[in-house]
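Engineer: Before I ask anything, let me first share the structure, which is written out below as structure tokens.
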Amino acid sequence: QMDDLKEKYEDRFYLILRDPNFYEVVPKGFSKATGMEWLVNYLGIPRENTVAVGDSANDIPMFQYAARTIGLKSDKVEVLKMVDYVTDTVMEDGVYHG
């Protein structure tokens, strides 16, 4: 029934495929990148000093925004191709090692 949901709400929401049976629904105009941009502006941090860490399709806008990117090992090969560095999984303390 995802096709019906997409058709009905695609003008108001992004539907991000996270796994074959799991979609994330995000209001249009918002993403991890817009959240990061807001925080950068609020704190006065230069964008060139930003680092994004992630492992999924919902992280792609954030990777496109950040100056440096770290991917946590996962089965999302297309996501890992976008990052500057790949570290361990979340469960293997990947954020710390990254």
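The values are calculated or read from the model by the stated rules, or taken from the named source; none is laboratory data. Model, not experiment: these values are computed from the prediction. Here Cβ is always computed from backbone atoms with ideal geometry, including for glycine, and neighbour counts include all displayed protein chains. With ligands, DNA and RNA removed, areas are computed over all heavy atoms of the protein, side chains included. Shrake-Rupley method; radii C 1.70, N 1.55, O 1.52, S 1.80 Å.
Engineer: Please get the size of the charge dipole for the chain, origin at its Cα centre, with Cβ charges of +1 on Lys and Arg and -1 on Asp and Glu, quoted in debye to the nearest 20.
Structural biologist: So the magnitude is around 300 debye.
Engineer: To one decimal place, what orientation-averaged projected area in nm² is obtained for the convex hull of the Cα set of the chain?
Structural biologist: 7.1
Engineer: Along the positive direction of the dipole of the chain (beta-carbon charges: Lys, Arg +1; Asp, Glu -1; about the Cα centre), which of Ala52, Val77, Leu17 reaches farthest?
Structural biologist: Ala52
Engineer: Leaving out same-chain residues fewer than 8 places away, which aspartates and glutamates sit with a Cα under 17 Å from that of Lys28?
Structural biologist: Cα-Cα hits under 17 Å: Glu7, Glu10, Asp11, Glu37, Asp59.
Engineer: Could you do me a favour and compute the accessible area per residue for region 1-79, 1.4 Å probe, result in Å²?
Structural biologist: 68
Engineer: What is the set of long-range amide H partners of Arg18 at a cut-off below 5 Å, with H atoms built 1.01 Å from backbone N?
Structural biologist: When sequence neighbours closer than 5 places are left aside, the close amide H contacts are Tyr23, Glu24.
Engineer: Over the chain, what percent of the accessible surface lies on carbon and sulfur atoms, probe 1.4 Å?
Structural biologist: 53
Engineer: Sum -39500 (n - 2.57) across every DSSP H segment of at least 4 residues in the chain, then divide by the residue count to get the 222 nm mean residue ellipticity, nearest 500.
Structural biologist: -8500 deg cm²/dmol
Engineer: If you take every residue apart from Leu39 with its C-beta less than 12 Å away from the C-beta of Leu39, what net charge results, scoring Lys and Arg +1 and Asp and Glu -1?
Structural biologist: Charge balance near Leu39 sits at +1.
Engineer: With 25 Å as the limit, write out which pairs from Lys6/Lys32; Lys8/Lys73; Lys32/Lys73 have Cα-Cα distances beyond it, or answer none.
Structural biologist: Lys8/Lys73
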